[in-house]
Amino acid sequence: MMNRAEVRVPKQRRALRTRAAILDAARAEFSLRGHAAATSKTIAVRAGVSVGSLYQYFSDKDQILVEIAQVRAEEISAQTLGALGNRVAPPASERQLRQRLTDVLEVVLREHRDDPGLHGVLTERRHADEQLDAITTRFERSLIEAAAALLESWGHSGDSLAAAFVLFSMIEGAVHAHVLGGAVVSDERLKTALLDALVQVLNLTLKRN
């Protein structure tokens with residue numbers, strides 16, 4: 001089998017389809033069975049390929065999970081940054097600020113709900129897999145730094161990086177507990193309460209005309 005650090009990226013159309021089928025099957029297996037019960041064999045069976053064929057592309061199930069995590073992180077990052085917006089002008093009002101934060105919350109809620117089983121596996125395995133942890137850390141850091149830069153462009157008067165970290169942690173922690181830990185209140189009540197807290201912690205110094 002190949003070294004775990006190696007990932008075969010095929011160029012032929014048939015091989016690309018096979019590799020994509022393995023990734024799709026792995027997502028389903030991890031989501032339905034969890035990390036321990038999902039194996040290279042069960043992934044191969046679901047993908048409709050032999051175990052030998054799977055090993056032509058990935059060294060083991062953990063390498064597949066790492067690739068899934070990388071693709072997922074890139075997708076979520078693009079959506080979250082899109083929701084934040086690239087505009088340097090600060091929100092003209094608290095209402096506009098709440099709307100931008102609402103857009104972000106919608107993305108985070110949707111991504112947690114899209115595949116809670118897979119999300120749980122990624123959360124669990126992050127602490128046992130250095131490569132997976134590195135991907136997740138880079139993803140989180142990129143979002144925090146982007147948020148900090150946006151806060152600075154809006155005229156935030158305090159420690160923008162620390163504020164961005166607190167905001168990120170509040171959103172991720174609250175949504176994670178709400179979706180995966182058992183909801184205590186409805187989505188709307190969660191969003192309202194979380195938005196109130198975010199605006200208070202944010203404490204922006206807005207540049208108003």
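Bear in mind these aren't lab numbers, they're just calculated from the coordinates by the rules spelled out. None of these values were measured; they are calculated from a predicted model. Don't worry about glycine lacking a Cβ; one is built from the backbone with ideal geometry, like all the others, and counts go over all protein chains shown.
Return one number: the angle in degrees, 0 to 90 and rounded to the nearest 10, between the long axis of the Cα atoms of helix 130-153 and the longest principal axis of the Cα atoms of the chain.
That works out to roughly 20 degrees.
Could you tell me how many degrees, from 0 to 90 and to the nearest 10, lie between the Cα long axis of helix 116-126 and the main elongation axis, the longest principal axis, of the Cα atoms of the chain?
90 degrees
So, by mean Cβ neighbours within 10 angstrom, what's the order for 158-167, 57-66 with the highest one leading?
Highest to lowest by the protection proxy: 57-66, 158-167.
With Cα extents along the principal axes in Å defined as stated, name the option among [x] 67, 33, 30; [y] 54, 35, 30; [z] 64, 37, 29 computed from the structure displayed.
Correct label, based on the coordinates given: [z].
For the stretch 13-59, rounded, prolate or oblate, judged on the Cα gyration tensor with a ≥ b ≥ c (square roots of eigenvalues), a/c < 1.5 rounded, else prolate if a/b > b/c?
It comes out prolate by the Cα gyration axes.
By per-residue mean of other Cβ atoms within 10 Å, what is the highest-first order of 116-123, 132-139?
Going by the mean number of other Cβ atoms within 10 Å, highest first, we get 116-123, 132-139.
Label residue 187 and residue 133 with points 7 Å out from Cα along Cα→Cβ: what is the distance between them in nm?
3.4 nm
Compute the label zone of residue 36 within the stretch 96-129: residues whose backbone N is under 18 Å from the point 7 Å along Cα-to-Cβ.
So the set is 117-129.
If packing is taken as the average count of other Cβ atoms within 10 Å, what order do 93-99, 144-150 fall into, highest mean first?
144-150, 93-99
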